[in-house]
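Written below as structure tokens is the structure these notes are about.
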Amino acid sequence: MLNIVLFGPPGAGKGTQSEKLIQKFSLVHLSTGDILRGEIAQGTPLGLEAKKLMDQGILVPDEVVIGMIKNRIEANAAAAGFIFDGFPRTIAQAEALDTLLNGRNTPITCMLSLKVDDEELSRRLLERGKASGRPDDQDESIIRRRIQEYNNKTAPVAGFYHNQGKLVDIEGVGAIEAIFEALCDAIEARA
Ligand code: ADP
């Protein structure tokens, strides 16, 4: 089983590369951002609560996203593996994911961390906001808040996987195909 954490700041290209990786390696894509936006679109109580935080660029509570991921893992018990995209975003989430996966004897294979500088991130997010209509991509102060949340709460998650010998840094600026090849090489070296 291949369990990949695709890591990086907002706008690093996790969604784009996940789409390509799930096809090549027949994996199930679990994006907590996509799942939360699905809840918002359906107008569920969870979605309404999450929207208030997401529109400000603030992380939703750990127990909410951990519960969503647990359900999806259990619902896809026959999967060849998972790509975790936008999760784990805090140390508590990373610990919960380890507990979930170790209990199934299917630990994380590696964390692939896309490296992109802050200026390029802001540029990409504002550009994406024009097309996606995502409220959290439209406003520079919200984007700055998301990058701040990332630096404070999420960046330390790389250290968690580094300590397990599972962290691989990948250059995230360049051609989409070239970045994809670097990701594939890293996965194949550890599969
Ligand atoms: P991006 O990586 O571009 O910020 P996402 O779709 O991954 O986009 O996340 C959008 C928002 O959803 C985040 O700013 C946060 O509010 C919420 N979110 C997504 N995943 C998580 C998570 N694992 N933990 C907490 N909040 C999350």
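The values are calculated or read from the model by the stated rules, or taken from the named source; none is laboratory data. For clarity, every value in this text was computed on a predicted model and none was experimentally measured. Note: ideal-geometry Cβ built from the backbone for every residue, glycine included; neighbour counts use all protein chains shown. Calculation scope for accessible area: heavy atoms of the full protein, side chains included, ligands and nucleic acids excluded. Shrake-Rupley method; radii C 1.70, N 1.55, O 1.52, S 1.80 Å.
Looking at Leu97, Leu126, Leu121, which one is surrounded by fewer than 19 Cβ atoms within 10 Å (Cβ to Cβ), assigned to a helix (DSSP H, G or I) and aliphatic (A, V, I, L, M)?
Being surrounded by fewer than 19 Cβ atoms within 10 Å (Cβ to Cβ), assigned to a helix (DSSP H, G or I) and aliphatic (A, V, I, L, M) holds for just one of Leu97, Leu126, Leu121, which is Leu126.
For the range 21-36, which residues satisfy the criterion of being surrounded by fewer than 16 Cβ atoms within 10 Å (Cβ to Cβ) and in a helix (DSSP H, G or I)?
Scanning the range 21-36 gives Gln23, Lys24, Asp34.
Just to be sure I understand, how many residues within the range 132-152 are within 16 Å of Asp118 (Cα to Cα) and in a helix (DSSP H, G or I)?
Counting residues in the range 132-152 that are within 16 Å of Asp118 (Cα to Cα) and in a helix (DSSP H, G or I) gives 14.
Of the residues Thr154, Thr106, which is under 18 Å from Asp62 (Cβ atoms) and touching a residue at least 40 places away in the same chain (Cβ under 8 Å)?
Thr154
Being of a type in the set (Lys, Arg) and either more than 15 Å from the ligand (Cβ to nearest atom) or over 19 Å from Val168 (Cβ atoms) (or both) is the filter here; which residues of the range 82-120 pass it?
Arg104
Might you let me know whether the range 175-191 holds any residue that is among the small types (Gly, Ala, Ser) and over 24 Å from Lys24 (Cα atoms)?
Checked the range 175-191: no residue is among the small types (Gly, Ala, Ser) and over 24 Å from Lys24 (Cα atoms).
From the residues in the range 129-151 that are within 19 Å of Leu59 (Cα to Cα) and of a type in the set (Lys, Arg), which one is least open to solvent (accessible area, probe 1.4 Å)?
Arg146
For the range 168-175, does any single residue satisfy the condition of being without any contact (Cβ under 8 Å) to a residue 40 or more places away in the chain and not aromatic (Phe, Trp, Tyr)?
Checking the range 168-175: at least one residue is without any contact (Cβ under 8 Å) to a residue 40 or more places away in the chain and not aromatic (Phe, Trp, Tyr).
With the requirement that a residue be assigned to a strand (DSSP E or B), open to solvent by less than 30 Å² (accessible area, probe 1.4 Å) and either out of contact with any helix residue (DSSP H, G or I) (no Cβ under 8 Å at 6 or more places or on another chain) or not aliphatic (A, V, I, L, M) (or both), what does the range 158-188 give you?
The answer is none; no residue qualifies.
Being over 24 Å from Glu177 (Cβ atoms) and open to solvent by 40 Å² or more (accessible area, probe 1.4 Å) is the filter here; which residues of the range 100-118 pass it?
Selection gives Asn102, Gly103, Arg104, Asn105, Pro107, Asp118.
Tell me, please, whether a residue that is of a type in the set (A, V, I, L, M, F, W, C), open to solvent by 20 Å² or more (accessible area, probe 1.4 Å), in contact with a Ser or Thr (Cβ under 6 Å, 6 or more places away or on another chain) and not in a helix (DSSP H, G or I) can be found in the range 76-83.
yes
With the condition kept exactly as written, say whether any residue in the range 39-47 is outside any helix (DSSP H, G or I) and loosely packed, with under 15 Cβ neighbours inside 10 Å.
For the range 39-47, residues outside any helix (DSSP H, G or I) and loosely packed, with under 15 Cβ neighbours inside 10 Å: present.
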